[in-house]
Every structure is written in C-alpha cells, then in structure tokens.
Amino acid sequence: MTKSTRYLTQAAIIAALYAVTGVQTCALPIYLQNLLLPGSTTWAIQMRLSEALCVLALFTPAAVPGLTLGCLIFNITYAAALPLDFVLGSAATLLAAEGMWLTRKVTVHGYPLLAMLMPAIANAILVG
C-alpha cells in the first residue's frame, strides 16, 4: 500500500468514526438526565464521545483532515446544528487536531500535556 493510499484510508476511517459516534451519543446525556431528573433537560449541554477521537492526532497526521471532515459531516447531518456550527465547529476541530499534531513531542514528565490541551483551548476560543 502506498503512503498516500494509507493516509487517505486512515483519514476516511477517522472521519466516518467521528461522524457516527457523534450522531449516536449527542443526545444520550439529555435522555439520561431527563430520566434521573424529569423536566430538567436543555440542549445547552452536549457530550460528544467522538471528541475522544481527537487523541488520534497524536499518532497520525491523517487524523487532522479526518477529524475535520468527520466534524463537518456530523454538523451537516445533525438537525440542531446551525450553519455557523459548520464553520466554527469544523475550524475548532481543525485547529485542535493540527495543534495536537504539531505539539505532540512537547512533553511534561513524558506526557504530551500541551497537545492534550489543544482541543479544550480551540473549542473554548471558537465554540464558546
């Protein structure tokens, strides 16, 4: 397998995983909260398990376009997303993944802590 074929394949698989896990888990906390505390739910808080896939940017550069494309696909197909979500959400994911890939070798006691903070920083600035 050539290097470009492997890169495209990894990016496509990561994009598909991100889009599918985002769709499956976005509403789950709302339903659980409504079960535990009926009538207390809003869409103000969302939990996306797909965000855990951002860690893949530490291991392969293909994760950068894969995560970005997966986020865009999720936002386009998610009924509650607005057009601004398409742009800012995808931009935040792109910045986070690229930042993780670029800072992956900066370690604190052997852990890439700076890289692991990139998704939180990018989402706090662009999405928040």
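The values are calculated or read from the model by the stated rules, or taken from the named source; none is laboratory data. Please read all numbers here as calculations on a predicted model, not as lab measurements. FYI the Cβ positions are ideal-geometry reconstructions off the backbone, even for glycines, and counts take in every protein chain you see. Note: areas computed on protein heavy atoms with side chains; ligands, DNA, RNA excluded. Shrake-Rupley method; radii C 1.70, N 1.55, O 1.52, S 1.80 Å.
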**OP:** Residue by residue through region 80-99, note down the ones that are more than 16 Å from S50 (Cβ to Cβ) and not in a helix (DSSP H, G or I).
**Re:** L82
Original post:
How many of the residues in region 91-118 are open to solvent by less than 20 Å² (accessible area, probe 1.4 Å) and either among the aromatic types (F, W, Y) or in contact with a strand residue (DSSP E or B) (Cβ under 6 Å, 6 or more places away or on another chain) (or both)?
Top reply: 0
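Counting only residues that are under 22 Å from L8 (Cβ atoms) and either without any contact (Cβ under 8 Å) to a residue 40 or more places away in the chain or among the aliphatic types (A, V, I, L, M) (or both), which one in region 76-90 is most open to solvent (accessible area, probe 1.4 Å)?
The initial filter retains those residues of region 76-90 that are under 22 Å from L8 (Cβ atoms), namely 76-77, 90.
Next cut, either without any contact (Cβ under 8 Å) to a residue 40 or more places away in the chain or among the aliphatic types (A, V, I, L, M) (or both) only: 76, 90.
Details: I76: 99, S90: 14 Å².
Looking at the filtered set, the residue picked out is I76.
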Original post:
Hey, V106 hits all of (1) out of contact with any Lys or Arg (no Cβ under 9 Å at 6 or more places or on another chain); (2) closer than 14 Å to V55 by Cα but one; which does it fall short on?
Top reply: (2)
Original post:
Cβ-Cβ below 7 Å, separation at least six or inter-chain, first residue in region 108-128 and more than 15 Å from L67 (Cβ to Cβ), second basic (K, R): which pairs?
Top reply: P112/R104
Subject >> Filter pass, A52 being assigned to a helix (DSSP H, G or I) and in contact with a Gly (Cβ under 7 Å, 6 or more places away or on another chain) >> reply: no
Subject >> region 52-75, residues that are of a type in the set (S, T, Y) and surrounded by fewer than 18 Cβ atoms within 10 Å (Cβ to Cβ) >> reply: T60
